[in-house]
């Protein structure tokens, strides 16, 4: 394949990621917002580790540093609305 | 980083980028935006994207109407798709008191030229299918309200501004303001100082700290507001729905997700932006009460941002009393994304020509010295 898909939920390819980094989107949060990667049903479990590796490689920064720049947002997997109905006093 | 600039803007949220672009388009191109993090990292990139004109104070209504005129053609103007949808806002009321308040608001809105109107509960499903009419006492609708994608609005403004010569300095935190002879003479940052012609405080929920660096006290308070999106479903409405009764708001995004939030009267001021289970329960219970069919969805993601709240829920705009080159552009109280395009125009009028419009004068920091009439429709 000439241009592999990095994010299956939002159908983002490697060349799109590389172009975005060239344009100055040089943190995971910025790339996520620009490309919508990590915002689909997988919530980044598949694509964000790949994206972090590409970003570390392209910018020459350590992977651990790159990974720290993204926030993990609950719920960790899609959760049915019915789980949260009723009994609004706890939490 | 440049050593000086005609205009130094603190904050690359919607206010900062809209103002930078508007100035540059008019030929004021020596503009630098200082951003501590990255563009849209604060409230703008966390907001619901609603663009509402149904307010209760004349300045808010006029600013919002002026903004809609700009939003209507902004994708073309910026040559960037901002995912603008002019599907209208449906405002819900559940008590006789709220219905009466809506009637008065619509009268003022119509007087100012806004095509809002009152609806009976029975008329609501024509506007939003699947709506349970037994949950409300009345509603209003304005077809020219709408929503857009905040990420794309920030990007669009910024790209256009940079093409015109505006500089963006990411990762640049303001750490001090030097004041001499009634002017801000230097802006100190973690990357060195910059000498400004004028300085614009567009730092959102952190504006109070920025102002304090110049010895100016703002009454703004940061208040957490939570929000979520569901998985994508078939598009069924372009309308943004909000309730005066519970403070819930929601719409369907261009991607088909249901996106919304609900205000929490128990929320205390502070910088905490963690997500809570309490919010999930309150929001989803209200969502499903109005639209039972949405109980079949799954929640994808939740997050939070900070409203920058003033005592009258109206922004603080324009020159600071005693410091004419220090311009406030903050305190939007949850409405910044809606009115920023028009605010950018009136602030540019002041920066470019020293012109102070009626609304700019009314929204000056000086107003808190007297009696103030507050905005009643603060939702979310």
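Residue A:74 meets all of the listed conditions (1) assigned to a loop (DSSP other than H, G, I, E, B); (2) more than 10 Å from chain B (Cβ to nearest Cβ); (3) without any contact (Cβ under 8 Å) to a residue 40 or more places away in the chain but one, namely (2).
When you scan region B:201-246, how many residues do you find that are within 14 Å of another protein chain (Cβ to nearest Cβ) and closer than 16 Å to residue B:309 by Cα? Residues meeting the conditions: 1. Of the strands (runs of 3 or more DSSP E) that lie entirely inside region B:31-141, those containing 3 or more residues that are in contact (Cβ under 8 Å) with a residue 24 or more places away in the chain and in contact with a strand residue (DSSP E or B) (Cβ under 9 Å, 6 or more places away or on another chain) span B:31-34, B:89-93. Got at least one residue in region B:141-162 being surrounded by fewer than 19 Cβ atoms within 10 Å (Cβ to Cβ), within 17 Å of residue B:9 (Cβ to Cβ) and outside the structural domain of residue B:292 (by TED's automatic domain parsing)? Scanning region B:141-162, I find at least one residue that is surrounded by fewer than 19 Cβ atoms within 10 Å (Cβ to Cβ), within 17 Å of residue B:9 (Cβ to Cβ) and outside the structural domain of residue B:292 (by TED's automatic domain parsing), so the answer is yes. Filtered by the rule that a residue be crowded, with 20+ Cβ neighbours inside 10 Å, free of Cβ contacts under 8 Å to residues at least 40 places away in the same chain and more than 9 Å from chain B (Cβ to nearest Cβ), region A:22-37 gives A:31, A:32, A:35, A:37.
Of the residues making up region A:46-69, those that are assigned to a loop (DSSP other than H, G, I, E, B), under 13 Å from the mean Cα position of the chain (by Cα) and away from every other protein chain (no Cβ under 12 Å) are A:46, A:68.
Condition check ((1) under 21 Å from residue B:46 (Cβ atoms); (2) within 21 Å of the chain's Cα centre (by Cα); (3) in the same structural domain as residue B:204 (by TED's automatic domain parsing)) across all residues:
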{"site": "B:238", "(1), (2), (3)": "no, yes, no"}
{"site": "B:249", "(1), (2), (3)": "yes, yes, no"}
{"site": "B:261", "(1), (2), (3)": "yes, yes, no"}
{"site": "B:276", "(1), (2), (3)": "yes, no, no"}
{"site": "B:281", "(1), (2), (3)": "yes, no, no"}
{"site": "B:284", "(1), (2), (3)": "yes, no, no"}
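Kindly check whether there is at least one residue in region B:329-336 that is assigned to a helix (DSSP H, G or I) and modelled with pLDDT of 95 or more. Yes - at least one qualifying residue is present in region B:329-336. Checking each residue in region B:251-283 for being surrounded by 23 or more Cβ atoms within 10 Å (Cβ to Cβ), away from chain A (no Cβ under 11 Å) and without any contact (Cβ under 8 Å) to a residue 60 or more places away in the chain picks out only B:252.
The values are calculated or read from the model by the stated rules, or taken from the named source; none is laboratory data. Source: prediction; values computed, not measured. Every residue, glycine among them, receives a Cβ derived from its backbone with ideal geometry; neighbour counts consider all protein chains shown.
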